[in-house]
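Bear in mind that the values in this text are calculations on the coordinates, not laboratory data. Because the structure is predicted, anything quoted here is derived from the model rather than measured. Please note: Cβ atoms are built from the backbone with ideal geometry, for glycine as well, and neighbour counts cover all protein chains shown.
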């Protein structure tokens, strides 16, 4: 199936950070997680989404207050760029080609800034993202290039390329 087929069949809609998504799971059970990165209100135990990026699109740098587990479903490798609070840059290659260093699952630590893109021309990546404690837009920060560059000047070129603000 091609990208448009997945968008239609799965009912994906535009995401504020870029790409297309649909929430597929939100745990009914909730808890308060005050000890984790400033969670001060009740959160669902877990949430998950489908997420699709096509070549030429990107998911802009953002961070959340929970760990996020990524799963590759179809299409090309997805590059996920993670800037840890220490400033260390990691590049996760989410895909199925294990012989060439791709991973079918990877995770981003709570509080890291991260962005992603499908870099293979005329292709797309369909992935899933599972967040625990569950995702809430109150815990979402979309990066502003100037502020993120000031914090991590060594990554200025990448930040400029993968920010919308």
Counting only the backbone N, which residues of segment 91-123 are under 17 Å from the spot 7 Å out from the Cα of residue 74 toward its beta-carbon? 95-97, 122-123
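If you take the beta carbon distance between residue 84 and residue 10 as r and set R0 to 41 Å, what does 1/(1 + (r/R0)^6) give as a FRET efficiency, to the nearest 0.05?
Efficiency, from the Cβ-Cβ distance: 0.85.
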Enumerate the whole-percent occupancy of each 10 Å bin, from 0 to the last occupied one, for all C-alpha pair distances of segment 68-140. 20, 49, 28, 3
Additional length obtainable on full extension of the chain from residue 107 to residue 119, 0.36 nm per residue less Cα span: 2.4 nm
What ranking do 65, 30 get, fewest neighbouring Cβ atoms within 10 angstrom at the top? 30, 65
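Please arrange 53, 12, 126 by counting, for each residue, the other beta carbons lying within 10 Å of its beta carbon, fewest first. Please list the in-between numbers first.
Details: 53 27, 12 20, 126 24.
Lowest count first: 12, 126, 53.
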What value, in deg cm²/dmol to 500, does the helix sum -39500 (n - 2.57) over DSSP H runs of n ≥ 4 give at 222 nm once divided by the residues of the chain? -3000 deg cm²/dmol
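Quick one: work out Rg over Rh on the C-alpha atoms of the chain, Rh as Kirkwood radius.
On the Cα set of the chain, Rg over Rh gives 0.96.
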Could you tell me the calculated FRET efficiency between residue 100 and residue 164, based on Cβ-Cβ distance and R0 = 25 angstrom, to the nearest 0.05? 0.25
Proxy reagent accessibility, fewest Cβ within 10 Å first, across 81, 6: 6, 81
Do you know the relative contact order of segment 3-161, to the nearest whole percent, from alpha carbon pairs under 8 angstrom that are 6+ apart? 27 percent
